[in-house]
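Enquirer: Provided herewith is a single structure, encoded as structure tokens, for subsequent inquiry.
Bear in mind that the values in this text are calculations on the coordinates, not laboratory data. What you see is a predicted model; the values in this text were computed from it and never measured. Positions of Cβ are backbone-derived with ideal geometry, glycine not excepted, and every protein chain shown enters the neighbour counts.
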Ligand code: SF4
Ligand code: SF4
């Protein structure tokens, strides 16, 4: 048996791909997370009210999602209903998160894979023809950070969501400034998404596939008009039919945790079957974004690739549509009154259990806490990247079979491995936590 | 960003300064902040940063930014293997400086769970104790913060004006301290926070008074007490955690009417987020204040 170990870059965190071969036969493909910090262990004993401050540090790329999942879990425990303005400010935090994340994933992580015969090492190596791309991409992600800071306080690890609401509003002047900068970001984002789309089609022509893996289940926590602040998990079957939605507290009835050998991350099965989360899952489940530019892009997307779409690399283009949507939607929300006294209701944190759900950039994120005497006695983090782990492994197997033959191992294999993994935009710090 | 690699550049030209990023056990938040800094259009050339650049190995480099704590045998190995290739080593973020949030995992109960797990023996193992970067290699510059602001990265790469932090977060914050001495904590009250008045006067245990300034106090401005992610202010850097802790308590005793016992219980509660940043395990040797941004 031959074992190929392929290191990975341009993803969040430390991971590698291991492919086992017997001659020209691909036996197995593994996606292994090689880091661990152990949040589920060390938050035991922490005061429950500190969780929204501690858990964003699980991941600096999707910190806002953890901040909000923590607050929602404690609110579920306290039985408190959050005022509508506070929900709106929290949604703005999430939109900032989505802008920052999708811009990072699209331009810094995957765009270098697209040009030429072999791609380039980084966004900064795209060359003269594409010299406008890097500065614009960085400016768009910065607009996302700016929105997180405005809505969430601190710029990477937000603090503003508190149990029962938010600790402060957004003044009309600050909102107007943010809208102006988002309008600029929108122009840049649509330029970038168009450029991405062109290069992506070039890649498609060159390699002749966008992924040959068969359909799976899809999972997303989105409600109409609340793309990233849903309260239920929705599921689509491989044939495109929509399954029953379920609340976060029922996760254990639907999602099973599967340890992965040689990895610090577990994987997830939905009712015993493979499942995918992240951008394409959301787009399949909610195929008509409400904002004008995102809608136009989506129509083009369905026209070119059909509905529902299953090819793995389409996760990337779907992320571009979401980038545009998040900017447009944030501009809409910032038109509303987001200031005043009705941002926060008082409550008491009693003992018991609570589950909080948020649609993070990589899919549904659930925090499940047990609290006694104000201290956390157990914490479970149900992580979006884990939902995709087994789907990534199967997609890698399919790709490996394409590029290993009697003629040998194609040079394209290592590039294909990178493309498949990046399409899922895995976050290893989250997956292992 | 200069796109020609230094190896290819004309040997008569002044070499472009290079930098690299080594990521140990952390959350990538430090890198996300770096991506927001104005360093990408500059003459500094990035030669290694797996998060955004596919490159085989870390070459000899002018400035090595190290983020994250030394938590696994793999972290230790990579740090020892690469630090000597750099002219300057910069420790980036609270994890690299003092362990940061993962330092909570140094509690005995938490460690036992990790170390007992042998099912994943092909993976990097956690060390018996988490260490800051300067416990392993010598550090030329420290960038405190969780994460450090983009401005600090610019200063570390010698771009723009030199950076002068405010002494404490209180100076950055600008809320006014009054004579009101609250007799209870305000937690979960739902009472709107006055944007002009010090949070301690409103019943919150904010530790901005002993925390290093320079962040612009984004948290307190958003109505949340400072949890001290910038670490100790100059006066406390080389003192013991206990002295620092006593100073924080004195502030609360002076400014509130909450009993000494309750303040003590609040601050000492296990894993309180203050501990995440402020009372972590330092390298032992006192740090040179001049090296801390
Ligand atoms: S210092 Fe903070 S932002 Fe940086 S890696 Fe550690 S937890 Fe993340
Ligand atoms: S206010 Fe305190 S917790 Fe917030 S960024 Fe500044 S030092 Fe860190």
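Enquirer: When the chain is fully extended, how far beyond the present Cα-Cα distance does residue A:406 get from residue A:250, taking 0.36 nm per residue of separation?
Expert: Value of the extension gain: 51.3 nm.
Enquirer: Still on this structure, I have one more. Over what distance in Å are the Cα centres of region A:226-286 and region B:67-101 separated?
Expert: If we compute the Cα centre of each part, the gap is 36 Å.
Enquirer: If R₀ is 51 angstrom, what is the calculated FRET efficiency for the pair residue A:304 and residue B:259, using the beta carbon separation as r and rounding to 0.05?
Expert: Efficiency for this residue pair is about 0.15.
Enquirer: Here's something else I'd like to know. If you take the alpha carbon radius of gyration of the protein assembly as shown and divide it by 2.2 N^0.38 Å, what ratio comes out, to two decimals?
Expert: Rounded to two decimals, the normalised Rg is 0.91.
Enquirer: To continue, here is another question. What's the FRET efficiency of residue A:171 with residue A:118 using the Cβ-Cβ distance as r and R₀ = 56 Å, to the nearest 0.05?
Expert: 0.65
Enquirer: Taking each residue of B:28-39 in turn, how many C-beta atoms of other protein chains fall within 10 Å of its C-beta, and what is the average?
Expert: Numbers: counts 13, 11, 2, 4, 13, 4, 0, 9, 9, 2, 2, 0.
Per-residue shielding by partner chains comes out at 6.
Enquirer: Cα centroid distance between region A:168-210 and region A:346-369, in Å?
Expert: Cα centroid to Cα centroid, the span is 30 Å.
Enquirer: Which angle from 0 to 90°, rounded to the nearest 10, does the C-alpha axis of helix A:314-333 make with the longest principal axis of chain A?
Expert: Around 20 degrees separate the two axes.
Enquirer: Specify the residue with the greatest mean-square fluctuation among A:73, A:29, A:195, computed from a Gaussian network of chain A linking alpha-carbon atoms under 10 Å apart.
Expert: A:195
Enquirer: Take the alpha carbon gyration tensor of region A:121-239, find the square roots of its eigenvalues, order them as a ≥ b ≥ c, and report rounded if a/c is under 1.5; if not, report prolate when a/b exceeds b/c, else oblate.
Expert: Judged from the Cα gyration tensor, region A:121-239 comes out oblate (a/c at least 1.5, b/c at or above a/b).
Enquirer: Here's another thing I want to ask about it. Hey, how many Å between the Cα centroid of region A:34-112 and the Cα centroid of region A:393-429?
Expert: For region A:34-112 versus region A:393-429, the Cα centre distance is 30 Å.
Enquirer: On average, how many beta carbons from a partner chain sit within 10 Å of the beta carbon of a residue in A:121-127?
Expert: Per residue, the average neighbour count from other chains is 5.
Enquirer: Could you calculate the FRET efficiency of residue A:204 with residue B:180 from 1/(1 + (r/R0)^6), where r is the beta carbon distance between them and R0 is 60 Å, rounded to 0.05?
Expert: Numbers: r = 66 Å, r/R0 = 1.10.
My answer for the efficiency is 0.35.
Enquirer: Averaged over A:28-35, how many beta carbons belonging to a partner chain fall within 10 Å of each residue's beta carbon? Each step should come with its number before you reach the end.
Expert: Working: counts 0, 0, 0, 0, 3, 2, 6, 11.
Counting other chains' Cβ atoms within 10 Å and averaging over A:28-35 gives 3.
Enquirer: Only Cα pairs under 8 Å and at least 6 apart count here; give the relative contact order of chain A as a rounded whole percent.
Expert: 27 percent
Enquirer: Of B:191, A:61, how do they rank once you tally other Cβ atoms within 10 Å and put the fewest first?
Expert: B:191, A:61
Enquirer: Helix-only estimate, please: 222 nm mean residue ellipticity of chain A, summing -39500 (n - 2.57) across DSSP H runs of length 4 or more and dividing by its residues, to the nearest 500. Write down the numbers at each step before the final one.
Expert: Working: 13 runs with 182 residues, N = 433.
One gets -13500 deg cm²/dmol as the mean residue ellipticity at 222 nm.
Enquirer: In what sequence do B:16, B:211 fall when counting other Cβ within 10 Å, fewest first? It would help to have the intermediate numbers written out before the result.
Expert: Working: B:16 16, B:211 29.
The fewest-first ordering by Cβ neighbours comes to B:16, B:211.
Enquirer: Let me ask you something else. Sort the following peptides by mean Cβ neighbour count (other Cβ atoms within 10 Å, averaged over residues), highest first: A:12-22, B:252-262.
Expert: Listed from highest to lowest mean packing, they are A:12-22, B:252-262.
Enquirer: While we're on this one: Rounded if a/c is under 1.5, else prolate if a/b is larger than b/c, else oblate: which is chain A, with a ≥ b ≥ c the root eigenvalues of its Cα gyration tensor?
Expert: Taking the square roots of the gyration eigenvalues as a ≥ b ≥ c, chain A is oblate.
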